[in-house]
Amino acid sequence: MNIVHPKKHFGQHFLKDEQLAARICESLTLHKNYSHVLEIGPGTGVLSKYLFESKNFHTTLIEIDRDAYHFLTEKFPGQSQNIIYGDFLNFDINTRFNEPFAIIGNFPYNISTQILFRILEHRDKIPEMVGMFQKEVAQRIASPPGSKQYGILSVLLQAFYNIEYLFTVSEHVFYPPPKIKSAVIRLLRNEVKSLDCDEKLFVEIVKKAFNQRRKTLRNALKSFKNEELIFTDPIFNKRAEQLGVEEFVRLTQILDKAL
């Protein structure tokens, strides 16, 4: 069997700790009773082995690295039909999955945020995600309002998912070891079908508010100001990091009426 060498341009850091791999796979909860799991960037298949062994769900892998893809088809000869050579960011999810599925993976740090935005885009099909991220990104996603880490990604994901920071991971369990610590988090789809506001405007407001997070919302959002809008509501005295999802929804409603 060929050896797969980690490639810098794919941001690959292969997990080599079997015990940790099993723990990550055991973190899947079957939330909302899905029966399919997609692993993104399986690399050498350390997680894949435990996923394929599970009787609780059917596993599919998607791998962008051609060498790793061929390695995986050799390593799991009976699973070749469940191993896709492709890029998750450009993959047409609907052609492969007609029903809800979970996502799991040791995600390349350079595209982890893009993976999360893709999950958000398909949130009604993805009830659960268990993933490895750069520790700083994991903390940001899971942080509550009021914390320094709380930001755009926190609000957008927390609008539709309950988020749990599961555990921190040492850099020494990877090959090659990254220069920073990692962390595993879990996303569980909440009951919110849609926000009680214009969702496109909601995203725009969240981004603008946090792009000038040190300013009050009155100053950070002044580009929205027009003759109809007077920033009299006390919410405009706050800064972005002080608002939870529901308050951002209310802020969107206020601004939407004036636009």
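Angle check, please: helix 112-121 long axis (alpha carbons) against the longest principal axis of the chain (alpha carbons), in degrees 0 to 90, nearest 10.
Orientation of helix 112-121: about 70 degrees from the principal axis.
What's the extension gain from LYS7 to ASP124 if we count 0.36 nm per residue and subtract their Cα-Cα distance?
Going from the current span to full extension adds 38.8 nm.
In debye to the nearest 20, how big a dipole does the chain give about its Cα centre with +1 on each Lys and Arg Cβ and -1 on each Asp and Glu Cβ?
860
For CYS25, CYS197, which order do you get if you count the other beta carbons within 10 Å of each Cβ and list the fewest first?
Working: CYS25 22, CYS197 18.
Final ranking by Cβ density, sparse to dense: CYS197, CYS25.
Lysines near LYS208 by alpha-carbon distance under 22 Å, same-chain residues fewer than 8 away left out - which ones?
LYS148, LYS200, LYS222, LYS225, LYS238, LYS257
Please list, or write none, the aspartates and glutamates whose alpha carbon is within less than 16 Å of the alpha carbon of LYS49, excluding same-chain residues fewer than 8 places away.
Result set, ordered by chain and number: ASP17, GLU18, GLU26, GLU39, GLU63, GLU74.
So, in nm, how far is label SER194 from label TYR165 when the simple model puts each one 7 Å beyond its Cα toward the Cβ?
My value for the distance between the label points is 3.4 nm.
For region 123-148, list residues with backbone N below 15 Å from a point placed 7 Å from the Cα of ASN94 toward its Cβ?
Within reach of a label on ASN94, which here means backbone N under 15 Å from a point 7 Å along Cα→Cβ, region 123-148 contributes 123-126.
Applying 1/(1 + (r/R0)^6) with R0 = 35 Å to the Cβ-Cβ distance of ARG23 and GLN212, what FRET efficiency is obtained, to the nearest 0.05?
The pair ARG23/GLN212 has a calculated efficiency of 0.30.
For ASP17, ASP124, what's the fewest-to-most ordering of other Cβ within 10 Å of each Cβ? Could the numbers behind the result be given before it?
Details: ASP17 15, ASP124 11.
Fewest-to-most ranking of ASP17, ASP124: ASP124, ASP17.
Quick check on my link table: of LYS179/LYS215; LYS55/LYS75; LYS125/LYS193; LYS8/LYS207, which ones sit more than 23 Å apart, alpha carbon to alpha carbon?
LYS179/LYS215; LYS8/LYS207
Taking the highest mean first, how do the peptides 201-211, 103-113, 141-151, 39-49 order by number of other beta carbon atoms within 10 angstrom per residue?
Order by mean packing, descending: 39-49, 103-113, 201-211, 141-151.
Spelling out what I want: for every residue of region 240-251, take phi, set θ = phi - 60°, compute 6.51 cos²θ - 1.76 cosθ + 1.60 (Karplus), and round to whole Hz; glycine and proline get x.
For region 240-251, the Karplus curve yields 3, 5, 8, 9, x, 4, 4, 5, 5, 5, 5, 4 Hz.
Throughout, read-outs are computed from the coordinates displayed, never taken from laboratory work. If you're wondering where the values come from, they're calculated on a predicted model, not measured in any experiment. Ideal geometry is used to build each Cβ from the backbone, glycine not excepted, and the neighbour counts take in all protein chains shown.
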